[in-house]
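The values are calculated or read from the model by the stated rules, or taken from the named source; none is laboratory data. Note that the coordinates shown come from a computational prediction; the quantities given were computed from them, not determined experimentally. For neighbour counting, all protein chains shown are included, and Cβ atoms are generated from backbone atoms with ideal geometry for every residue, glycine included.
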Amino acid sequence: MIQLDETVAINVLPADDRGPAGKLADMELHFTAGALEGLKLLGFTVWEGRGGKGPSLSLPSRQYVVNGERRSYTLLRPSGEAPAQDTLRDTLLAVFADHVPDAAS
């Protein structure tokens, strides 16, 4: 587990052979202080990049079906116009690259 700051730690769980193709790892945010202390947020997944790009990260989401079509929406959303999702995605991918350097290339 990697302590990100005084309130959040990141746990990287490398994928095993039983996972879907292209899945590199799951990541969790563990809250270590404050009102969320003792809780963890799951659902972050690192995937192999396409077309020579580096790994990508999917955020926690929920799937649903409308008229037979499967859709999803992201559960973690910015509260304003700030690029909070991009900042979080970049931070988690950097931690992944440091924690699993061979898989990040």
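Among the conditions (1) under 16 Å from the mean Cα position of the chain (by Cα); (2) modelled with pLDDT of 95 or more; (3) not β-branched (V, I, T), the only one that A35 does not satisfy is (1). Close Cβ contacts (under 8 Å, 6 or more residues apart or on different chains) running from residues in region 80-92 that are part of a helix (DSSP H, G or I) to residues that are surrounded by fewer than 14 Cβ atoms within 10 Å (Cβ to Cβ) comprise A84/P78; Q85/T74; Q85/R77; Q85/P78.
Can you tell me which residue is modelled with the highest pLDDT among those in region 9-22 that are touching a strand residue (DSSP E or B) at 6+ places or on another chain (Cβ under 8 Å) and over 11 Å from F44 (Cα atoms)? Top of the filtered list is A9. Take the residues in region 45-68 that are of a type in the set (A, V, I, L, M, F, W, C) and more than 16 Å from V95 (Cβ to Cβ); name whichever of them is farthest from the chain's Cα centre (by Cα). Taking the candidates together, the pick is V66. In region 34-51, the residues that are touching a residue at least 24 places away in the same chain (Cβ under 8 Å) and surrounded by 10 or more Cβ atoms within 10 Å (Cβ to Cβ) reach residues that are among the acidic types (D, E) and in a strand (DSSP E or B) with C-beta atoms within less than 9 angstrom, at least six apart or across chains, in these pairs: K40/E28; L41/E28; G43/D26; G43/E28; F44/D26; F44/E28; V46/D26.
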